[in-house]
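Attaching a single structure in structure tokens format; questions to follow.
Read-outs throughout are calculated quantities, based only on the coordinates presented, and are distinct from any laboratory measurement. Here the structure is a predicted model, which is why all the values come from computation and not from measurement. Cβ placement follows ideal geometry from the backbone for every residue including glycine, while neighbour counts extend to all protein chains displayed.
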Amino acid sequence: MVGNMDAIIHTEQLTKRYGATTALDRLDLDIYPGEIFGLLGPNGAGKTTAIKLVLNLILPTSGTVTLFGRPPGNISIMSRVGYLPEVLSVHDYLKASEFLRFHGQLCGIKSNLLTPRIDRLLDLVGLSAHRRQTLRSFSKGMLQRIGFAQALINDPQLLILDEPTSGLDPIGRKEMRDIFLNLKEQGVAIILNSHILSEIEKSCDRVGILKHGELIHLAETAYLSDSPDSTARAVEIQVNNRSDALMTLLDHACVSIRDNGKKLSLTLKRSVDISDIPRIVETAGAELVALIPIKETLEDLFYRLISSADGGKK
Amino acid sequence: MIQLRALIRVTVQEYIRSKTMLALLLIGCFFVLIFSCCGLSESMSVNNQIVAKESQIDLFWGVAYWILALYGVAGSVLLSMNCVSSEIRSRRAALVWTRPISRMTWLIGKIIGVWIVTAIDTGVLFLLIYFLIVAKLKIVSFFPFVGFSILLLEILAIIILVSTLSIRFSDVISGFLGSIIYGVSLVIGMDWVQAYFFQIQEYLAQTNTAPAELLRAFLQEPPSILWQIFFWITYIITPHFGNIQGIGRKLASHSPIALSLDWWSFLSVLLYSLIFLIIGRREIKRMEF
Ligand SMILES: Nc1ncnc2c1ncn2[C@@H]1O[C@H](COP(=O)(O)OP(=O)(O)O)[C@@H](O)[C@H]1O
Ligand SMILES: [Mg+2]
């Protein structure tokens, strides 16, 4: 078996083309148990394509993907997977509880186990009062909730959610986020597609940014978020005696430098730590007046990457 | 097994809740009403001659099976031409396909679901007609039930045919193709072709079928070798849906021993169903969402 045996999902050079469009371009990715992985990218970046490949809803043009070490579409592993599609299309003549029962039975769950589980899930997504209502009468947000409950009906070890919070009100989003974190504690791996940055930032452990089908960035969100161990990658410095030597040294240490006249905004290379900056300034014979670490939000990172990758592409 | 049952139940529920099943049933009842208005009575006479009981049974069940087959086949074509394809088109199937079931199980679930709906509707019709005939003729026989179960087999085969066609073709086209295949098979399987080429001479003598005489005249006696080859080939390569129905009808009115059961008809329909299931399986395996 190739790859890491611990990974729940393992892809190698996974590629999907539709005619001239490359929807997903040589994706190498591993997803591990108990992590929430966010797949981020603008519309048409290939997020849904990646998910569908994992679920065997489409076939790869080239490359491989394994789910629990098996090829996707293997019937036995699908009982460990829950999926919420981007556009939920349901048997809308069914009542909420019947819909969950149907999916539970598709997973081979016996009736006596299923009944309490359905009650629990309807309660979890806040639809207990609507259990006898047909799905036809559901609002978009309610459909999203029942879809989420459906994805959880088989107590999955891997949860794949394509834009799960679309159509939800802020309270619904918060509730869903709490559920994610709860599931993660139980060791469930979650893949989350979204174009809502703050969503991903709040719930994900790792995030992959897709652009034109290419994975252009893969990072831990702890590195970006407000948690104490995070390291800012962006700093603002103010120096006296600015020299060309300083600029050359900084150039080596930074991905980008923006001169604001009084201040310099730096984005550090991965190899460089923020604590290296005073030494660099000193070496160049300049005087460091101020050093202000800037927390780069996912949003900053996202826009920076998307716009820079754009420059590279076109 | 839980999975298949769930798939079947949800399919049947769809037709019940959308009232399609009820609408079909009401249309069927209209057929029965027409049937009940024909000359059904204990003693029937033509030109002041009392018609024998056996001929009456033959006549009534002949008409009854004609109605039942027409209704069952038309109903199953109508239902099956979009039961599979609409599920795929609406992408409802996508979610189901990510469940631990094979796509084939899903296809079979849909097919059996439609079959049950059609069978219940046709079954109600059959029972109505059965009791009508029993009440009028005062003869209780169980042979019609055997004939009816053969009709159900025929309906299942049609559903397999049309619903697998609908994976590839549009709904209307697949319904149309299914009907054509059925229509052709009906002609091929019709008594006169059978009677002429396959030596059911007693049956021919007994009914003195007019079309057979016409055909005989048309093709000349003995028929040219080319005609014989043509008929043999068409007989072998076409599904004998129509003939299966014919067998059902004959079973209803005669004792089964009196019939030469045409095993090739069963076999050909079975083979066709199997071939279409295999084609359908290939189609949905390759399908992408
Ligand atoms: N069935 C299809 N046929 C042709 N092109 C497709 C198909 N599905 C997706 N694409 C293209 O692939 C790219 C990625 O789409 P998708 O994965 O849905 O993006 P998103 O990141 O918004 O989920 C888009 O450019 C889209 O137009
Ligand atoms: Mg998408």
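Spin-label point model (7 Å from Cα, Cβ direction): what's the A:E287 to A:D273 distance in nm?
For the pair A:E287/A:D273, the computed spacing is 2.8 nm.
Partner chain Cβ atoms within 10 Å, averaged over the residues of B:13-22 - can you pull that number for me?
Details: counts 5, 4, 1, 1, 6, 1, 0, 0, 0, 0.
Averaged over the peptide's residues, the number is 2.
Same structure again: Order these by the 10 Å Cβ neighbour count, fewest first: B:V269, A:V90. Mind showing how you got there, number by number?
Numbers: B:V269 25, A:V90 22.
Neighbour counts put them in this order, fewest first: A:V90, B:V269.
Same structure, new question: Compute the long axis of helix A:170-185 from its Cα atoms, compare it with the longest principal axis of the Cα atoms of chain A, and write down the angle in degrees, 0 to 90, nearest 10.
90
Ok, one more. Run the numbers on segment A:126-212 and let me know its relative contact order in percent, using alpha-carbon pairs under 8 Å that are six or more apart.
Details: 59 pairs, mean separation 23.8, N = 87.
Rounded, it is 27 percent for segment A:126-212.
When A:I171, A:I146 are ordered from fewest to most other Cβ atoms inside 10 Å of their Cβ, what list results? The partial results should precede the final answer.
Working: A:I171 9, A:I146 27.
Ascending Cβ contact count within 10 Å gives the list A:I171, A:I146.
Specify whether the C-alpha gyration tensor of segment A:234-294 places it in the rounded, prolate or oblate class, a ≥ b ≥ c being the square roots of the eigenvalues: rounded for a/c under 1.5, otherwise prolate if a/b is larger than b/c and oblate if not.
rounded
Would you tell me the mean number of C-beta atoms belonging to other protein chains that fall within 10 Å of each C-beta in A:78-84, as a whole number? Don't skip to the end; give the middle numbers.
Working: counts 6, 3, 1, 3, 2, 5, 1.
Mean inter-chain Cβ contacts per residue within 10 Å come to 3.
Sticking with this structure for a sec: For a footprinting-style exposure proxy, rank B:V73, B:V162, A:V188 by other Cβ within 10 Å, fewest first.
Values: B:V73 26, B:V162 32, A:V188 22.
Fewest-to-most Cβ neighbours within 10 Å comes out as A:V188, B:V73, B:V162.
I'd like the FRET efficiency for A:D28 and B:W263, computed as 1/(1 + (r/R0)^6) with the beta carbon distance as r and R0 of 41 Å, rounded to 0.05. Intermediate values should be presented prior to the final figure.
Details: r = 59 Å, r/R0 = 1.44.
FRET efficiency, A:D28 to B:W263: 0.10.
Please identify the trypsin sites (Lys or Arg not before Pro) of segment B:1-85 that satisfy two criteria: DSSP loop assignment and at most 13 other Cβ atoms within 10 Å. Which are they? Please list the in-between numbers first.
On the way: sites: B:R5, B:R9, B:R17, B:K19, B:K53; in loops: B:K19.
Here the trypsin sites (Lys or Arg not before Pro) that fit, given the DSSP loop and packing criteria, are B:K19.
Can you tell me the orientation of helix A:298-313 relative to chain A, as the angle in degrees between its alpha-carbon axis and the longest Cα principal axis, to the nearest 10?
80
In peptide B:95-108, what is the residue-averaged number of other protein chain Cβ atoms found within 10 Å of each Cβ?
Values: counts 14, 4, 7, 16, 16, 12, 7, 3, 3, 0, 2, 1, 0, 0.
Mean inter-chain Cβ contacts per residue within 10 Å come to 6.
Which entries in the list B:K19/B:K110; A:K140/B:K285; A:K95/A:K140; B:K110/B:K285; A:K16/A:K211; A:K52/A:K211 go over 22 Å, if you measure between the two C-alpha atoms of each?
Details: B:K19/B:K110 18 Å; A:K140/B:K285 31 Å; A:K95/A:K140 15 Å; B:K110/B:K285 16 Å; A:K16/A:K211 14 Å; A:K52/A:K211 17 Å.
Listed pairs above 22 Å: A:K140/B:K285.
Which whole-Hz ³J(HN,Hα) couplings does segment A:48-53 yield from phi under the Karplus relation 6.51 cos²θ - 1.76 cosθ + 1.60, θ = phi - 60°, glycine and proline marked x?
Computed from phi, the couplings for segment A:48-53 are 5, 4, 4, 5, 5, 5 Hz.
Given Cβ point charges of +1 (Lys, Arg) and -1 (Asp, Glu) and nothing else, what value in debye, to the nearest 20, does the dipole of segment A:234-294 about its Cα centre take?
Its charge dipole is roughly 160 debye.
Label A:S137 and A:N241 with points 7 Å out from Cα along Cα→Cβ: what is the distance between them in nm?
7.9
Using Cα pairs closer than 8 Å and at least 6 residues apart in sequence, work out the relative contact order for chain A, in percent.
On the way: 577 pairs, mean separation 59.9, N = 314.
After rounding, I find 19 percent.
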